[in-house]
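> Let me begin by handing over the structure; questions about it come next.
A short reminder: the numbers here are calculations on the coordinates, not readings from a lab. Given the structure is predicted, the values throughout are model-derived calculations rather than measurements. Cβ coordinates were reconstructed from backbone atoms using ideal geometry, including for glycine residues, and neighbour counts include every protein chain displayed.
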Amino acid sequence: MTKETCKLHPARPSVWHCDHCRHGLCTECVPGSRENHDGNLPRCAICNTELRYLGAANLAEPFWTQAHRLFGYPLQANGLIVLVMMGVVAALLPASFIGLIGLIMLFAFSVHYGLNVIEQVRNGDMTPPSLSEILKQQGEWLFFKQIGVFAVLGAFVYAGMRVSPGLGVLVLLLVLLAAPAATMMLAMTRSVTESVHPVKLAALMIGIGPSYLLLWICLATVGAAPMLVGPLLQEMLPEQVLFPAGMVVSSYFTFVTYAMMGYILYEKQAALGFASNDEFGETLEGRTFLVRKGIADARQLAAVGRHEAALETLVKAINIDQSNAELREFYYRVVSAMDDEEALRRNTNSICDFFVGRQLPYKAAQYCQETRKRFPDFVPAEARTCHLVAERFFEEGRYKDAAQLLMSLHRMAPKYPDMFAVLLLMARIFFEGMNAPEKASALLKQIRTRYPDHPELPKVERLLEVISYRPATA
């Protein structure tokens, strides 16, 4: 089954689906947890319809890649406690009728525990149930229900044999194939009737798809592991501990098979028509959530051409966190997508001032240059911003752009406090960028006359000296 991807991030799987807009969304497009959404499901930013949670349908890794997790599942703290308990109880059972009853009860507990493993894993919880959780459960009689399921399946085989041996063998093969599906159905529904219903079992196997055959092979292989390990235990362990050790090993592999069945349900939940009960999303601090949601909602609104609504959403988020650069940058992107020259010029001034104020002139230069590509006469309105962006242009080798900004700055703010630096930079542009040493020298001499007592006047003298020693151009 092809996994649904996010509408805005095609490389990412969807976690949410809007049935009205008919598109999927990833966790970046729908940030936060149920707590962040006041205990409710989030709503689509475009149509305000409540989103449908896909659970892990698009997030779960394929079954065959999870061997390390599945074989390690029973070895977690809760699982180890249960395995040790199984071994201790097996060691204490007497070789008598009472011991046989105890062994049956131990097997019943194992089945009950395993079915709970399936249910828990299929809901996305890869932590084994605790012993106390299982002991608190009453009235489900899962062991007897499991026996009932196998009895009904055996009755099908018997009925087939009564009709003809050939039909009996065919039914036996089908029953063997459907046995894992029947166990998974029992774990989900707790109903014997549901677990032996041929149509529902077929639907479950078809829903899982080709992976069901792989699961069946894995279950058969892992289920046979205790028989292979048994002879090794006989050689390594004394006879007194052989039975309890065998019980632990057998239980371990049994719980691995249950975890496998649970995980395949977890992975294929979308195809099977349910969503796991795992809590969605990461709970974010209130301000962080509102900012991330603002960006996510604005991105979706802008994608469908609702730029004004996107800007309104971003303004609300900016009012919450005025220092957030990502908000400012995305606001610029939305304005750039609109056919509004005045708005773009105004916003470019705003974002350039923002980054200059945070001592990031290279970012201011980046947005200034983007706007100048569309409107070559654009110049930052604030003198200091214009100066620092021009410096950055000079460093990047954009000498013509830098010169234009400096000349505009000289005209619009002749009393700019740092005019000495502006004129010195202009002289450097003449000399280093435009190969015009005469203009550079003339400007430097004007600076020397205009600012005879400036503390950085030695820079002017040094540059004049360099120009005077420059070899003549052929």
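> Could you pull out every residue, at least 5 positions away or on a different chain, whose amide H is within less than 5 Å of the one on Arg43? Hs are placed 1.01 Å off N in the peptide plane, and Pro or chain starts have none.
Leu51
> Quick one: Karplus J couplings for the range 312-325, per residue in order, coefficients 6.51, -1.76, 1.60, θ = phi - 60°, nearest Hz, x for Gly and Pro?
Each residue of the range 312-325 in turn: 4, 5, 5, 4, 4, 5, 5, 5, 7, 9, 6, 9, 7, 5 Hz.
> May I ask you to list the aspartates and glutamates whose Cα is less than 13 Å away from that of Lys400, ignoring any residue fewer than eight positions away on the same chain?
Output for Lys400: Asp377, Glu391, Glu432.
> I need to check one value: relative contact order of the range 355-446, counting alpha carbon pairs closer than 8 Å and at least 6 residues apart, in percent.
Numbers: 79 pairs, mean separation 18.1, N = 92.
Across the range 355-446, relative contact order equals 20 percent.
> Out of residues 5 or more away from Cys6 or on other chains, whose amide H comes under 5 Å of its own, with H placed 1.01 Å from N in the peptide plane?
Answer set, sorted by chain and number: Arg12, Ser14.
> Okay, moving on. Cut-off is 10 Å between beta-carbons; in what order do Cys44, Cys29 appear when sorted fewest neighbours first? Don't skip to the answer; put the middle values down first.
Values: Cys44 22, Cys29 27.
In order of increasing Cβ crowding within 10 Å: Cys44, Cys29.
> I need the phi-derived Karplus couplings for the range 200-212: 6.51 cos²θ - 1.76 cosθ + 1.60, θ = phi - 60°, integer Hz, Gly and Pro marked x.
6, 5, 5, 4, 5, 5, 5, x, 6, x, x, 5, 5
> Ok, one more. For the chain, what is the relative contact order in percent, using Cα pairs closer than 8 Å and at least 6 residues apart in sequence? Walk me through the numbers before you get to the answer.
Numbers: 562 pairs, mean separation 68.3, N = 474.
For the chain, the relative contact order is 14 percent.
> Would you kindly give the portion of the calculated P(r) for the range 418-474 that falls above 13 Å, as a percent of all Cα pairs?
Details: 874 of 1596 pairs.
The share of Cα pairs beyond 13 Å in the range 418-474 comes to 55 percent.
> Continuing with this model, one more query. Give, as a single signed number, the net charge of other residues whose beta carbon lies under 9 Å from the beta carbon of Ala45, with Lys and Arg counted +1 and Asp and Glu -1.
Details: positive: Arg43, Lys293, Arg299; negative: Asp297.
Overall, the nearby charge balance is +2.
> Loop-only trypsin sites (Lys or Arg not before Pro) in the range 403-438, please: DSSP not H, G, I, E or B, and at most 15 other Cβ atoms within 10 Å. Intermediate values should be presented prior to the final figure.
Values: sites: Arg411, Lys415, Arg428; in loops: Lys415.
Sites meeting the loop and neighbour criteria: Lys415.
> Another question, then. Rounding to the nearest 20 debye, state how big the charge dipole of the chain is about its Cα centre with +1 on each Lys and Arg Cβ and -1 on each Asp and Glu Cβ. Spell out each step's value before the answer.
Working: 44 positive and 44 negative charges, 199 e Å.
Rounded to the nearest 20 debye, it is 960 debye.
> Of the listed values (i) 189; (ii) 222; (iii) 284, grab the one calculated as volume of the Cα convex hull per residue in Å³ from the structure here.
(iii)
> Between Ile101 and Glu61, what is the FRET efficiency for a Förster distance of 35 Å, r being their Cβ-Cβ separation, to the nearest 0.05?
Values: r = 43 Å, r/R0 = 1.22.
The computed FRET efficiency comes out at 0.25.
> If you put +1 on each Lys and Arg Cβ and -1 on each Asp and Glu Cβ, how big is the dipole of the range 64-272 around its Cα centre, in Debye rounded to 20? Please list the in-between numbers first.
Details: 8 positive and 8 negative charges, 85 e Å.
Charge dipole of the range 64-272: 420 debye, to the nearest 20.
> Further question: Explain nothing, just compute: Karplus ³J(HN,Hα) = 6.51 cos²θ - 1.76 cosθ + 1.60, θ = phi - 60°, for every residue of the range 367-377 in order, whole Hz, x for Gly and Pro.
Once θ is set to phi - 60°, the couplings for the range 367-377 become 6, 4, 5, 4, 5, 5, 5, 8, 10, x, 8 Hz.
> Moving on. Net charge near Thr313: determine it from the other residues with C-beta under 11 Å of the C-beta of Thr313, scoring Lys and Arg +1 and Asp and Glu -1. Walk me through the numbers on the way to the answer.
Details: positive: Lys293, Arg299, Arg306, Lys316; negative: Asp297, Glu308, Glu312.
Here the count lands on +1.
> Determine the sum of side-chain charges near Met407: Lys and Arg each +1, Asp and Glu each -1, restricted to other residues whose C-beta is under 15 angstrom from that of Met407.
Working: positive: Arg372, Arg398, Lys400, Arg411, Arg428, Lys439; negative: Asp377, Glu391, Asp401.
Combined, the nearby Lys, Arg, Asp and Glu give +3.
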